[in-house]
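Contents: one structure, followed by commentary.
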Amino acid sequence: MNSNYFTEEHELFRASFQDFLQKEVVPHIEKWEKTGTIERFIWKKMGEMGFFGLNYPEAYGGLNLDLFYTVIFLEELQKIKSSGFAAAMWAHAYLAMTHLHAEGNEQMKQDYLVPSILGDKIGALCITEPFGGSDVAGMKTTAELQGDSYVLNGSKTFITNGVYADYYVVAAKTNAALGNKGISMFLVDTNLKGITATKLDKLGWRASDTAEIAFDNVVIPASNLMGEAGKGFPYIMQHFALERLIMGVNAHARAEYAIDYTIDYMAQREAFGVKINSFQALRHTMVDHATEVAHCKLFNYAAIDRLNKGEYVVKEATMSKLKSTKVADEVIYSCLQMLGGYGYMEDYPMARLLRDSRLGPIGGGTSEILREILSKMIIDKQNYQPAVKH
């Protein structure tokens with residue numbers, strides 16, 4: 001327990017969430033990993049327990065808690081042998097719902113945020129495109145205003161919850177001539193005519209549903225515009241800080257889980273008549289990894305603390321994701337090696353953990369893009385600012 005950030009109430013929440021996951025989620029993980037479908041009942045149970053509403057206002061059914069409850073939510077989800085299940089949960093609660101809460105009008109919040117917190121509706125955030133990737137400003141999807149409706153055309157890809165979702169939060173160009181100043185955000189019901197969602201086959205995150213989505217002349221009411229027209233890019237950038245910190249926290253948590261599991265294994269495994277945890281080369285390797293993870297964890301906590309106080313931490317969040325995901329990959333690769341042949345077997349957690357972790361340096365902005373963003377801030381002295389509240 002880190003008493004700088006976690007109170008006794010936080011730790012009680014951690015214990016209750018661990019208990020919930022062991023009883024309600026873990027028994028189904030292997031089935032969901034094999035089928036690639038997380039059954040709807042667990043969304044409802046998560047909602048009933050308040051896990052989707054941790055940091056949302058009480059007016060919408062949330063609990064209005066600080067971000068360290070979210071940290072606990074993220075950390076414990078990394079320790080149940082399915083980053084895919086974890087991704088489905090946090091993408092709903094912190095990607096789609098974050099935009100809904102920040103840019104949605106009161107009607108949207110009543111019709112979508114309230115049932116999202118309850119687990120009755122599932123959301124997905126649609127930004128990445130087949131030919132865009134990390135180049136958000138280069139998106140091709142358009143929303144053309146025709147009378148009192150917008151007509152949506154284009155495609156999105158790598159969308160977590162893209163097939164499960166009841167609604168999408170979609171970024172689209174409303175004025176292509178303006179580049180990133182011509183992007184707007186829209187709330188789109190998934191049952192509208194002209195939407196096709198195709199499930200993608202992935203290396204890892206097998207339980208989660210990742211989709212490519214096509215919009216073919218999808219007509220949505222003009223009232224489904226979220227926030228102000230043309231402000232989509234700063235909205236997206238503003239929320240990227242939270243998304244990157246989420247992925248940083250996920251990374252340090254899964255690396256910590258890998259280390260704990262491997263140390264337990266080393267204490268039981270014998271070679272040449274002794275436990276392998278007595279071999280200096282292995283001991284020192286694990287100590288190096290534990291030190292790296294501890295550094296990431298403390299940096300991530302400090303950044304979360306500042307975000308919790310309302311500070312704009314885009315630089316620290318970008319550093320968090322860049323460093324923590326790299327460290328997690330290195331740690332898990334090494335931990336798999338420590339297990340020898342068993343590390344390569346699906347009966348042990350490392351093989352899946354290795355595949356799942358590999359998405360860390362790719363999703364939510366590749367490490368290469370993050371380095372370029374940080375180069376602009378550190379070397380070129382570029383100063384990014386949050387979106388102005390409408």
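The values are calculated or read from the model by the stated rules, or taken from the named source; none is laboratory data. Small disclaimer: the values here were computed from a predicted structure and weren't measured. Neighbour counts run over all protein chains shown; Cβ positions are idealised from the backbone, glycine included. These area figures cover heavy atoms from the full protein model, side chains too; ligands, DNA and RNA do not enter into them. Shrake-Rupley method; radii C 1.70, N 1.55, O 1.52, S 1.80 Å.
Would you mind stating whether PHE41 is over 26 Å from TYR348 (Cβ atoms) and part of a loop (DSSP other than H, G, I, E, B)?
Numbers: over 26 Å from TYR348 (Cβ atoms): yes; part of a loop (DSSP other than H, G, I, E, B): no.
The answer is no for PHE41.
The lone criterion from (1) in contact with a Gly (Cβ under 7 Å, 6 or more places away or on another chain); (2) part of a helix (DSSP H, G or I); (3) open to solvent by 20 Å² or more (accessible area, probe 1.4 Å) left unmet by TYR69 is number (1). Figure legend. Inter-residue proximity from region 84-109: first residues more than 19 Å from GLY232 (Cβ to Cβ) and in contact (Cβ under 8 Å) with a residue 40 or more places away in the chain, second residues open to solvent by less than 10 Å² (accessible area, probe 1.4 Å) and among the acidic types (Asp, Glu), beta-carbon distance below 9 Å, spacing 6+ or different chains. Indicated pairs: GLY84/ASP209; GLY84/ASP356; ALA86/ASP356; ALA87/ASP356; ALA88/ASP209.
Among the candidates GLU243, GLU228, the residue that is under 19 Å from the mean Cα position of the chain (by Cα) and acidic (Asp, Glu) is uniquely GLU243.
Counting only residues that are more than 26 Å from TRP90 (Cβ to Cβ), part of a helix (DSSP H, G or I) and not aliphatic (A, V, I, L, M), region 361-385 holds 2 of them. Scanning region 242-294 for residues that are touching a Cys at 6+ places or on another chain (Cβ under 9 Å) and small (Gly, Ala, Ser) gives GLY248, ALA251, ALA255, ALA258.
For region 204-227, a residue qualifies if it is of a type in the set (Gly, Ala, Ser) and either open to solvent by 10 Å² or more (accessible area, probe 1.4 Å) or farther than 16 Å from ILE127 by Cα (or both), and the qualifying residues are GLY204, ALA207, SER208, ALA214, ALA222, SER223, GLY227. Selection within region 283-306: residues that are open to solvent by 50 Å² or more (accessible area, probe 1.4 Å) and of a type in the set (A, V, I, L, M). The member of this set that is nearest to LYS321 (Cα to Cα) is LEU298.
The set of residues in region 127-174 that are of a type in the set (Asp, Glu), surrounded by fewer than 20 Cβ atoms within 10 Å (Cβ to Cβ) and in contact with an Asp or Glu (Cβ under 9 Å, 6 or more places away or on another chain) comprises ASP135, ASP166.
Candidates GLU311, GLU270: the one that is open to solvent by 40 Å² or more (accessible area, probe 1.4 Å), modelled with pLDDT under 95 and under 30 Å from HIS239 (Cα atoms) is GLU311.
In the set GLY61, GLY47, only one residue is more than 27 Å from MET350 (Cα to Cα), more than 16 Å from the chain's Cα centre (by Cα), at pLDDT 95 or above and buried (at least 18 other Cβ atoms within 10 Å of the Cβ); that residue is GLY47.
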